[in-house]
1. As a test, work out the antiparallel percent of DSSP beta bridges whose residues both lie in the range 3-235, rounded to the nearest 5.
2. Determine, from the Cβ-Cβ distance of residue 77 and residue 7 and an R0 of 41 Å, the FRET efficiency 1/(1 + (r/R0)^6), rounded to the nearest 0.05.
3. Within the chain, what percent of beta bridges assigned by DSSP are antiparallel, to the nearest 5?
4. Using R₀ = 22 Å, calculate the FRET efficiency as 1/(1 + (r/R₀)^6) where r is the Cβ-Cβ separation of residue 349 and residue 429; round to 0.05.
5. Give me 41, 46, 326, 395 ranked fewest to most by other Cβ atoms within 10 Å of their Cβ, as a rough exposure proxy.
6. Which residues in the range 337-365 have a backbone N closer than 20 Å to a point placed 7 Å from the Cα of residue 386 along the Cα-to-Cβ line?
7. Under the definition of Cα pairs under 8 Å and six or more residues apart, what whole-number percent is the relative contact order of the chain?
8. Taking 0.36 nm per residue of sequence separation and subtracting the Cα-Cα distance, how much length would be gained by fully extending the chain between residue 141 and residue 556, in nm to one decimal?
Ligand code: ADP
Ligand code: MG
């Protein structure tokens, strides 16, 4: 391996001012050995190292590797296979343990933990940091961190090791130890080390680049190399799942806060939606059991002529939408015995009645009453109700008590076909017809111009429907707004979490992780967080629903059985949860990717140079 810098110029532009840091500098490095860069502070040492590391780009000039020019598109590969870096300000990743910090670059460069474990322990012993391996960076002194940084770089075994003031934070003895290690490493690799301790440096190398002298040509080449020798055999980077795991652990306080708030929102969301849905189902059930569901009353529009003729009946009967037509029975002509007061409704048998006891009338003069009438007059099935008309007494026997939650009052429901023929004829009024039809809307459409049609059932349904539509809209708006706000909150928190990691990102990149991989890494982490929030939230919400149904809380507190029923959209009762988890995953992923993109745009070179 041979590295050459050819006519490198680097300047920084501040508005109109231009500060030239490196001017037309050519350096031909040996393939191995220890090279020192010296110079006073601000002379461009770190900048030079960053240019060699591919972190900064020179304004002009070339970098040649084994005679090949280093192109933009090869930089990531070059950083991965060629470069390891000891930073002046250590740049350890705060969320990782010392051990994880040490192995991370080696993993990126394709070594497995087994490959490097022995070497790691040897170096750690030599530099006396073994006892620190499970600590976190913020528990270490500057000198300790510097030694960690050295071990981290040594383990990468790259042909080029760059060290920016590696002894800056060390005492005399430690500095000598480090220089010895660097010297030893330089027997097989190229080591470029920055130092302002010239006397120390001179003890270990005579190959010195002094940026304070106006020299712009250095040739340390000791042997010829073949111009087109091959690139290093690339190794596949190892997976960095532990990095993600460690990040989630490190951010746990923020994440827990986010979790808790999200889980409350998910529960509220699920409860509200299921209550709306369950409430509506409950009402639909009630509507279904309405004894007057298929009953339509018909009046003449004409005030002078209110009577119906047999013709009219025949006409209605011919319509296939209508199952049956008859004159209404008017019970107000007579009285019930014992001051009993009933509302009388005509009904037709359907299987939807909500029977409390008994069965539908099957014998003459059997009737059905509602639960209120039964309670009020203390009536049971088979009890008789006496009705008197024109001095004649008729007795109705109760065949069933039904729950009618829709029609108020003490009600009797009569099927005209069960009533005594003689009585029926006396009760018939010619000015109201009773139609029996399950297609009220169509019947209404057809006849409303000529007649007045009334369906008590439909009136109820309509009024509830309106109420429910309104409630639905309110709930949906409320849920959407709070969900939207919470999603924005998540994305802000996630983005700040990721942007705080800009230094991590630089370190990953210097070691040869592409920007795309950073994006996918952070996106994956965010997705994982989203999935956890979604799943935990769903499980908790589901558990809440389960507990409610287990202890019949809805029945006991609100008085409605099965109030909290989740709507089914496409996959059954879980699809709301699946949708929720999906939304969280997507939103978090977008935030993660966005955060990573923001970091990618930042200038990493400053971050690595500064403390
Ligand atoms: P040294 O490491 O020798 O102390 P540096 O290479 O860090 O010096 O910096 C050389 C000069 O370039 C300094 O004057 C510094 O302020 C300037 N400089 C370094 N990096 C940047 C940057 N990213 N943007 C602007 N100026 C910079
Ligand atoms: Mg510096």
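Any read-out appearing in this document is the output of simple, stated calculations on the displayed coordinates, not a laboratory observation. Worth saying up front: this structure is predicted, and the values here are computed from it rather than measured. Every residue, glycine among them, receives a Cβ derived from its backbone with ideal geometry; neighbour counts consider all protein chains shown.
1. Rounded to the nearest five, the antiparallel share is 45 percent.
2. Plugging the Cβ-Cβ distance into 1/(1 + (r/R0)^6) gives 0.95.
3. Around 60 percent antiparallel, to the nearest 5.
4. E(calc), rounded to 0.05, equals 0.45.
5. So the ranking, lowest neighbour count to highest, is 41, 395, 326, 46.
6. Those under the cut-off are 337-343, 365.
7. Details: 1013 pairs, mean separation 106.2, N = 611.
With pairs under 8 Å counted, the relative contact order is 17 percent.
8. Extra length available between residue 141 and residue 556 comes to 143.1 nm.
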